Amino acid sequence: MPETDSALATPPARLPTAERRVLIVEAAIALTAHTEPAAVTTTDIARAVGVTQGALFKHFASRDAIWLAVMQWVRETLLARLHAAASPTLPALGALQRVFEAHVGFVIAHPGVPRLVFHELQQPAGSPAKAELAALLGAYRTLVAGLLEAARAAGETDPAQDLDAAARLFIGMVQSLAMQWLLLGTMPPAPAARAQADGFFSLYRRSLRPMP
């Protein structure tokens, strides 16, 4: 998997509808790596995919429909990677670290996604795209809370630990890293980004240790 999104090459002239929709979603995500979502136009997306605006609207009824499909892709793709990383053969905290690394890797590979998420959080409540984001965060928190419960049951963490707070802090670590990278205006090289993330997780893991 490439470390960052790049402009999509012009696809073949005729593709099945499902494949073309995926290309449109990927193009929208790639464009947000360097541009605020509000500034990305359907003209930009059509140009990146290599189709006319008219052809674009044959696959999506509106610009909002494209962004909804983008958020659905983010929810489905990220959750699939997180669940795959949470291997039941690892100790619970080891699986939790794998989940953290998978999320960081997803951000490195798709730097436009955090920009999309932060943009969507500023939108009015009740939008379909925001509902997708809420579903993502809810499922993510459930996964992390389950691993933390397993870690506590195995004696890996302090039995008095507030698991809900620990789960929210876990998710907040990646959000904080992504926000800092956005403020810098560019994603650090992958090794540097992973090194920063490792430092975050090391501190987090220490905070979960049983009290002496």
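So which residues in the range 173-193 are surrounded by 14 or more Cβ atoms within 10 Å (Cβ to Cβ) and either in contact with a Gly (Cβ under 8 Å, 6 or more places away or on another chain) or free of Cβ contacts under 8 Å to residues at least 24 places away in the same chain (or both)?
Residue satisfying the conditions is Pro188 alone.
Among what's in the range 159-172 and is under 16 Å from Leu203 (Cα atoms) and assigned to a helix (DSSP H, G or I), pick the residue that is most open to solvent (accessible area, probe 1.4 Å).
Arg168
Got a sec? Which of Ala125, Ala129 is of a type in the set (A, V, I, L, M), modelled with pLDDT under 90 and exposed (fewer than 15 other Cβ atoms within 10 Å of the Cβ)?
Of Ala125, Ala129, the one residue that is of a type in the set (A, V, I, L, M), modelled with pLDDT under 90 and exposed (fewer than 15 other Cβ atoms within 10 Å of the Cβ) is Ala125.
When only residues in the range 51-92 that are hydroxyl-bearing (Ser, Thr, Tyr) and outside any helix (DSSP H, G or I) count, which is surrounded by the fewest Cβ atoms within 10 Å (Cβ to Cβ)? Walk me through how you get there before you give the answer.
First, pick out the residues of the range 51-92 that are hydroxyl-bearing (Ser, Thr, Tyr): 52, 62, 77, 87, 89.
Subsequent filtering for residues that are outside any helix (DSSP H, G or I) retains 52, 62, 87, 89.
On the way: Thr52: 12, Ser62: 10, Ser87: 12, Thr89: 6.
Checking each candidate, the answer is Thr89.
Is it the case that Glu149 is touching a residue at least 60 places away in the same chain (Cβ under 8 Å), open to solvent by 40 Å² or more (accessible area, probe 1.4 Å) and either assigned to a loop (DSSP other than H, G, I, E, B) or within 21 Å of Phe201 (Cα to Cα) (or both)?
no
The values are calculated or read from the model by the stated rules, or taken from the named source; none is laboratory data. Nothing here was measured: the structure is a model prediction, and the numbers come from that model. Virtual Cβ from ideal backbone geometry, glycine too; neighbours counted across all protein chains shown. Protein only, heavy atoms only, side chains kept; ligands, DNA and RNA dropped before computing areas. Shrake-Rupley method; radii C 1.70, N 1.55, O 1.52, S 1.80 Å.
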